[in-house]
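Enquirer: Okay, handing you the structure first.
Readers should treat all values here as calculations from the given coordinates under stated rules, not as data from a laboratory. All of these numbers come straight from a predicted model, not from anything done at the bench. Cβ coordinates were reconstructed from backbone atoms using ideal geometry, including for glycine residues, and neighbour counts include every protein chain displayed.
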Amino acid sequence: MESHSLGLKRGTVQVVPYDPEWPQLFQEEKTRLEVALGNATHDIEHVGSTSIPGLAAKPIIDMIASVDDLKDYKKLITSLESLDYEFMPERVFEDRVFFPKGPRENRTHHLSLVVKNSPGWHDPIQFRDYLISHEDARSAYQTLKQKLAAKYPSDRSRYTQAKEAAMASIMRDANNEQPNKTQSAGGVVLNSYGQVLIVQEYGYFWGLPRGHIERGESPEEAARREIHEEADISQLEYVADLGAYERSTFDKNGQDNNREIKHMTFFLFKTKEIILTPQDKNITDARWIDPEQMSSLLIHVKDKEFYASILPTIRGVCTR
């Protein structure tokens, strides 16, 4: 999609009305980045004011991309330069590496590489989501942005500094709210040999296949889709509803991130398929193991407790 709704000279400030094209422009750029960067990034999110429907913003798409280690940015410079991103050594920070896109007279996108599951990843998303769901805070923030843009049209540094107190206040309010609760679904899949499917995410931790329930999906439909994406198994025979439980999200070390609580519904399936081929780039391995081995590979205590509670049901199916 070609659009004239993006672009601003480096260092200047202009706040324009929200453009409904911005989400699509982000999706198109995300696709280009995923092709260029391959498995070097885990996910890419649209953040900043252009990601908040209805909010006036500088006409620049802000994005964050999660990586395992910020040192990896050196391997990505050539690929990013092929997409017209500029590497600026002075924009390599301890917690992020910043790449602007476009000539300095017309920057269209800002990309920050951040470590996955770090504050650099979670905080911009939390800030975005809070303003999306709080109209009064969004309106006040917009008024401030417009006032400061009129005051500092040629000094983006002063504009940004003048917003810091308001942004910090918004983050405090967001942190004081109840955690965001999301709905997920997954499956325990048994093969003909009585083995259970386990998948490895991001190369760090093992677990049952699971994921977010998309709009319009039932929990069982979401579980079947996730199993297909994470292991390429589509021939599933429904056996039982295993119930649900809740836990926080967590990092590779099992440390809780209490900003998001997952409500996870699980189903028991059987399959005759044996070959496992993960389709999701975040799934680095998939294996069949003995059901008794699963608990020792799980990280989070809530996952272990839930699996222990359903293990008798799994054993019963295996002995039929």
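Enquirer: Report ³J(HN,Hα) in whole Hz for each residue of segment 83-88, in order, from the Karplus equation J = 6.51 cos²θ - 1.76 cosθ + 1.60 where θ = phi - 60°; Gly and Pro get x.
Expert: 9, 6, 8, 9, 8, 10
Enquirer: For segment 69-176, what does the alpha-carbon gyration tensor say about shape, rounded, prolate or oblate, given a ≥ b ≥ c as the root eigenvalues, a/c under 1.5 as rounded, and a/b over b/c as prolate?
Expert: Oblate is the answer for segment 69-176, as a/c is 1.5 or above yet b/c matches or exceeds a/b.
Enquirer: Using label points projected 7 Å from each Cα along Cα→Cβ, tell me how many nm separate H134 and H212, to one decimal.
Expert: Label-label distance for H134 and H212, simple model: 2.1 nm.
Enquirer: Please give the helix 219-231 orientation as an angle from the longest Cα principal axis of the chain, in degrees from 0 to 90, rounded to the nearest 10.
Expert: The angle comes out at about 90 degrees.
Enquirer: At R0 = 25 Å, how high is the FRET efficiency between E237 and S295 if r is their beta carbon distance? Nearest 0.05 is fine.
Expert: 0.55
Enquirer: Loop only per DSSP, at most 16 neighbouring Cβ atoms within 10 Å: give me the GluC sites (Glu not before Pro) in segment 218-320, ordered by residue number.
Expert: Passing sites in segment 218-320 are E273.
Enquirer: Write out the GluC sites (Glu not before Pro) in segment 41-101 meeting two conditions: DSSP loop, and at most 14 other Cβ atoms within 10 Å of their Cβ.
Expert: Passing both the DSSP loop test and the Cβ count: E94.
Enquirer: Which of the aspartates and glutamates could a cross-linker span from K262 if the Cα-Cα distance has to be under 12 Å and same-chain partners fewer than 8 positions apart are dropped?
Expert: E246, D303
Enquirer: Decide, for segment 181-318, between rounded, prolate and oblate: order the square roots of the alpha carbon gyration tensor eigenvalues as a ≥ b ≥ c, take rounded if a/c falls under 1.5, and otherwise choose prolate if a/b is larger than b/c, else oblate.
Expert: Verdict is rounded for segment 181-318.
Enquirer: Trypsin sites (Lys or Arg not before Pro) within segment 96-182: which are DSSP loop residues with at most 10 other Cβ atoms inside 10 Å?
Expert: Filter output for segment 96-182: R104.
Enquirer: Set the Förster radius R0 to 30 Å, insert the Cβ-Cβ distance between R158 and V92 as r into 1/(1 + (r/R0)^6), and round the FRET efficiency to 0.05.
Expert: After rounding to 0.05, the efficiency reads 0.85.
Enquirer: Can you list residues from other chains, or at least 5 along the same chain, whose modelled amide H is less than 5 Å from the amide H of A57?
Expert: Placed amide hydrogens put V16, Y18 under 5 Å from A57.
Enquirer: Taking amide H positions as placed in the peptide plane 1.01 Å from N, state which residues far from F267 in sequence (5 or more) or on other chains have amide H under 5 Å from it.
Expert: G186, G187, V188, L242
Enquirer: Over 18 Å between Cα atoms, which of K101/K151; K181/K281; K9/K101 qualify?
Expert: Distance filter (> 18 Å) returns K101/K151; K181/K281.
Enquirer: ³J(HN,Hα) across segment 286-292 via Karplus (A = 6.51, B = -1.76, C = 1.60, θ = phi - 60°), whole Hz, x for Gly/Pro?
Expert: Couplings: 8, 9, 9, 9, 5, x, 6 Hz.
Enquirer: How far, in degrees from 0 to 90, does helix 156-176 lean away from the longest principal axis of the Cα atoms of the chain, to the nearest 10?
Expert: Helix 156-176 sits roughly 30 degrees off the main axis of the chain.
Enquirer: What ³J(HN,Hα) values, in whole Hz, does the Karplus curve 6.51 cos²θ - 1.76 cosθ + 1.60 give for segment 312-320 when θ = phi - 60°, with x put for Gly and Pro?
Expert: x, 5, 5, 4, x, 5, 5, 8, 5
Enquirer: Could you let me know the centre-to-centre spacing of segment 74-144 and segment 256-320, using Cα atoms, in angstrom?
Expert: 35
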